[in-house]
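Here the structure comes first, spelled out in structure tokens, and everything after it is commentary.
What follows draws every value from the coordinates through simple rules; no lab data is involved. Every value quoted in this text rests on a predicted model; they were computed, and no experiment measured them. All Cβ positions, glycine included, derive from the backbone under ideal geometry; neighbour counts span all protein chains shown.
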Amino acid sequence: MKTEDLFEETLLAITVNKVRTGLTMLGIVIGIASVIALTAIGQGAQGMIQSSIQSLGSNLLVIIPGASKTFGSTVSAGLGSAETLTPDDSNAIASLSGVEAVSPEASGRYQIIYNGSNTQTNVLGVVSAYPQVRDLQVAQGRFITDSDNNSSARVAVIGPTVLQDLFGSSIATATPDMAIGQTIRIKNVDFTVVGVTQSKGGSGFNNQDDMVFVPLTVAQHFLIGSSQYLSEIDVEAQSQQVMTQVQNEITNLLLQRHGISNPQNADFNIINQADIVAAASSVTGTFTTLLAAIAGISLLVGGIGIMNMMLTTVTERTREIGLRKAIGAKKKDITMQFLTEAVMLTFGGGIIGIVVGWIAATVVSSLTSITTIISLSSILLAFGVSAGIGILFGYYPAVRAAKLNPIEALRYE
Amino acid sequence: MRQIIECRDIRKTYDNSGVKTPVLKGVTFSIAEGEFVAIMGPSGSGKSTLMHIIGALDTPTGGEYYLDGKDISKLSDDDLADIRREKIGFVFQAFNLLPRATVLRNVTLPLIYEGVAKEKREEIAKQALRESAFPEGFWQHHSNQLSGGMMQRVAIARALVNNPALILADEPTGNLDSKTGEIVLHTFQSLNEEGKKTIVLITHEAYVAEHADRIIHILDGNIVRDERNKNKRMAKTENL
Ligand SMILES: Nc1ncnc2c1ncn2[C@@H]1O[C@H](COP(=O)(O)OP(=O)(O)OP(=O)(O)O)[C@@H](O)[C@H]1O
Ligand SMILES: [Mg+2]
């Protein structure tokens, strides 16, 4: 039997009962479409989370003060609130090999006033290395410099959200020009605005858009008070490869400096950006797998629908099968015919499913903030899976058809 | 004259989980090329069982069967399928056409399994339809739009396309009224006389059997009489 004849026979057979064919295919269409759409959403979410973690900075290690544990008790202070990190620690870290830049930070939350407008926000005492380490750009003006720190200059760089809160109004958008050179009050201390940072579009607790940056020395003396402790030290490693090594070096250095022999009792925590990415990826990966599994179940149901229809078809067409065998069709010819029928159904359903899934994913990404990623691999997978389902669920009915005894089949009523 | 069929002591016993039913009890006969033979007997006498063996749809449990000079009594299912495709054309009581396919497609069906190209297939099929006196105006009709007599002529045309050594018809007029049955019998007669086809017709009706040149009487699994038909009936053609 020629391949083109096989396809023609199959096409003829499945177009005989269009409604039934359509309904059977619908199961596969829904299955494949949900696989495509849900993995697109999952992968899109994964991509978004990863890029937002990457935007924190590159090759970043974040050191925060942490639980200092004492004998017999596991009382620990909240993360970041303990006072264990000092500027000297920061300087020591800067001299380690593999460290590109170090940014010590001290933060507090204060009322900020400008000309009657006020806002409550995070004020961060920083050094000149901050923009490099945390991947921040200045939109206009300049950032905090080393000489600002040395001379304890009362200058401030504000984020775009603060700019709008203080200098804008509900009807007008503030421009950096309106702020630079102006004086704002933070905790009753006057600061001159020297720069405005670019928006990073972040949100939540660590939103760099809603922040005021001042020299670290100024923050320590005028805002936080006498304390010389740091709230955080950000370290940029020279490369991705040395991050773990740098992390170990810092751990050892700080343990030694703080006189702690047992690493279990460390009074600081080091967060590795790669770990966050990995953790987030594994969460979103699990999420995507879960979505795909749910979609897979509907695909399975679709496959069983195909098998059901094929078995019905085989029974209905018993006489036809008997005739085909009587006029010379071999087992292989019959098997191929019914298998091709099943595969054509699932493959057709698969193609429609890919299109429907694509449309669904596009609609989702246009209605929500989730960007969806339809990868070639998920399309190829969908093709493979739909053809595979056709073979898997079409095989048994096809073999049953081929096994029919022509005499019995011809006599069948 | 070349022998198309040679049956030597053919036996068939059905064995349904230990229950043995002997149906053919040693049948010996031969049919030469170009003969038109009727196998006649009452219901349950074993006619269809014999036809299945002659038609290579089944194998005997005993004896030898030579079809066109070749012993096919012990072949596998797939080898039998090859024999059927090459040597036999079937006509069934219930026509067994593909209902939603055109006449032309139905007739070309056996050639699909032979791997004949489409144009060639249709050419052969049209020739066969002409031989079986099927009106050209209906070639593109779906087979379920035809009358019984026309359906059976489509089936006859389908039996002709592989140029078989033997045409086997099991009760071909059983589902037809006497008028259309007459047309079908006429078609067989002209295929035999003008087309020189070897035809074996199975029936329980003496009237139908009398259209053949020779009648083999079968009763209870044995041949009881095998004789030349001295007063052959000619199918009336005015109905055509
Ligand atoms: N698969 C089978 N198993 C057991 N017995 C069978 C089987 N097939 C046929 N028989 C029996 O064999 C006998 C002959 O059957 P067969 O169909 O050959 O008769 P027939 O002459 O064609 O009859 P009819 O004119 O009714 O078609 C019957 O008694 C039938 O019951
Ligand atoms: Mg019978």
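So here's what we get for this one:
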| read-out | value |
| --- | --- |
| Chain A: angle of helix A:376-403 to the longest principal axis, Cα-based, in degrees nearest 10 | 20 |
| Rounded to 5, percent antiparallel among DSSP beta bridges of the protein assembly as shown | 70 |
| Protection-proxy order for peptides A:311-324, A:87-100, each taking the mean of Cβ atoms within 10 Å per residue, highest first | A:311-324, A:87-100 |
| Karplus 3J(HN,Hα) series, Hz, for the range A:335-343 with 6.51 cos²θ - 1.76 cosθ + 1.60 (x for Gly, Pro) | 4, 4, 4, 6, 5, 4, 4, 5, 5 |
| Amide proton proximity set for B:I4, modelled H, under 5 Å, gap of 5+ | B:I31, B:A32, B:E33 |
| Under the Karplus curve 6.51 cos²θ - 1.76 cosθ + 1.60, θ = phi - 60°, whole-Hz ³J(HN,Hα) for the range B:60-69, x wherever Gly or Pro sits | x, 8, x, x, 10, 10, 9, 10, 6, x |
| Lys, Arg +1 and Asp, Glu -1 on Cβ, resulting dipole of the range A:85-266 about Cα centre, debye, nearest 20 | 380 |
| Other-chain or far-sequence residues with amide H under 5 Å of B:D226's (modelled H) | B:H217 |
| Point-charge dipole on Cβ atoms (K/R +1, D/E -1) for the protein assembly as shown, about Cα centre, debye to 20 | 2300 |
| Nearby lysines by direct alpha-carbon distance to B:K232 (threshold 30 angstrom, same-chain neighbours under 8 apart not counted) | B:K25, B:K47, B:K87, B:K179, B:K196, B:K197 |
| Sequence of B:L80, A:L166 once ranked by neighbouring C-beta atoms within 10 Å, starting from the fewest | B:L80, A:L166 |
| Footprinting exposure proxy for A:I158, B:I216, A:I359 (fewest neighbouring C-beta atoms within 10 Å first) | A:I359, B:I216, A:I158 |
| Other-chain or far-sequence residues with amide H under 5 Å of B:V27's (modelled H) | B:D9, B:I10, B:R11 |
| Whole-number Å³ per residue for the convex hull built on Cα positions in the range A:85-266 | 126 |
| Average other protein chain Cβ within 10 Å of Cβ, residues B:94-102 | 4 |
| Sorted by Cβ density within 10 Å, fewest first, the residues A:D148, B:D220, A:D210 | B:D220, A:D210, A:D148 |
| CD proxy at 222 nm, helix term only [per DSSP H run n ≥ 4: -39500 (n - 2.57); per residue of the protein assembly as shown; nearest 500] | -15000 deg cm²/dmol |
| Volume in Å³ per residue [convex hull over Cα atoms, computed for chain A] | 217 |
| Among A:G42, A:G116, A:G349: highest mean-square fluctuation, GNM of chain A, C-alpha pairs under 10 Å | A:G116 |
| Partner lysines for A:K331 [C-alpha distance under 16 Å; skip if fewer than 8 residues away on the same chain] | A:K2, A:K403 |
